[in-house]
Amino acid sequence: MAGEKVFGTGAYDGDDLLMAAITGEEVPEEAARSAEYREAVADLGQLRLVLRDLGEELAAEPAAAEEPEPTEPPVRAEPVRVRRRRMFAVAVRAVAVAGVAAAFGGVLWLGANNGLGSADGHKAGDSGQNAPGLTDGNEDNKGGDAEKDADSSEAAQDRAPFDRARQIACTRILVEGTATELAPHADGTVDVTVKVDRWYRPERTAAEQPTTTVALPEDHAADISVGEPVLISVYRHPEDGYDVETGWGVADVRPELLAALPEAKTLDCPNPLKS
C-alpha cells in the first residue's frame, strides 16, 4: 500500500519504532513482533510506572521520619544500574520526541488563536500601556534625584577636607588603635585602654607612646569591645564632647584623616565645632 512503512526495508528504524510505541500507532505485524519494538513498549510501560510513582510521592503529604528497619544488604546492584542507564536513555529519547511534538502543536495553536486575544493578553497590554507613563515619571524623578545627589556629593567633597582638617585641629586627643581593656567607674565613665597604632593628636609616634587610657562617658564607650579597632576623638572644647569609631568604621575614616592632617597643622580652633 502506498505510503505504508515496511519493516525490514529501512523505513522503520529504531526511532520510528519508539515513536510508534509512544503514539500507539499501528505497525506492521512483522515490526510488532520485532524484539526492538517489544523492548520499546516494555520500556515505556516501565517509564509510565516510574512517572506515576514519582507523581504520587510528590503529591503525598510528608510522612514523619521513622526509624529505619534493618534490611539485608542488596545483592548485585550492578545489573540494576545498567538497566537504569538504559531506561534513562529511553526516557530522554521519549521526552525529546514528545517535546518536539508538543512544541509543534503549541506553534499551531498560537497561530490559530493569534487574533482571538485572552484575559492574560489584555492584562499584559494594559500593563504595557501603563508602564511607559510610570517609567517616564520615575525616570524624571530619578534624574532629579541623581542631580541632587551629585550636587550634594560635590558639596560634601568640597567641605570634607576642610571639615576633617578643622576636626583634627579641634581635638586634644585623636588616637587610633586596638581596645585592650575597659574599666567602668561609678561616676558613669569608662577608662578605655588602647594599644596605639597611630597618633593624630598630639603629634607623636606609637613607638614614643604605645598605649594610652582615655576616660569616656558610658554612652560613648558602649560600642567598644576589647580586641576591636577603635578611633577616639577628645575635643578641646567641652561643647564638642567626644567621637568614637569602631570596627570597620576606623578603616573608612582613616584615609580622610590622613589626607586632612597636613592642613590641620595650619589651623587653629578658637571656637567649638558646633558653634
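Below, the figures for the structure above:
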read-out: Yes/no for LEU174 being out of contact with any Ser or Thr (no Cβ under 7 Å at 6 or more places or on another chain), in a strand (DSSP E or B) and at pLDDT 95 or above; value: no
read-out: Among (1) over 11 Å from GLU176 (Cα atoms); (2) in contact (Cβ under 8 Å) with a residue 60 or more places away in the chain; (3) in contact with a strand residue (DSSP E or B) (Cβ under 8 Å, 6 or more places away or on another chain) - the single one PRO202 does not satisfy; value: (2)
read-out: Where TYR200 falls short, out of the listed (1) surrounded by 16 or more Cβ atoms within 10 Å (Cβ to Cβ); (2) farther than 15 Å from GLN167 by Cβ; (3) of a type in the set (Phe, Trp, Tyr); value: (2)
read-out: Unmet criterion (only one of (1) out of contact with any strand residue (DSSP E or B) (no Cβ under 9 Å at 6 or more places or on another chain); (2) modelled with pLDDT under 95) for ALA186; value: (2)
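Okay, residues lined up against (1) in contact with a Leu (Cβ under 9 Å, 6 or more places away or on another chain); (2) of a type in the set (A, V, I, L, M); (3) surrounded by 15 or more Cβ atoms within 10 Å (Cβ to Cβ):
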residue	(1), (2), (3)
GLU228	no, no, no
GLY241	no, no, yes
GLY247	no, no, no
VAL253	yes, yes, yes
LEU258	no, yes, no
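The values are calculated or read from the model by the stated rules, or taken from the named source; none is laboratory data. What you see is a predicted model; the values in this text were computed from it and never measured. We place every Cβ from the backbone using ideal geometry, glycine too, and count neighbours over all the protein chains shown.
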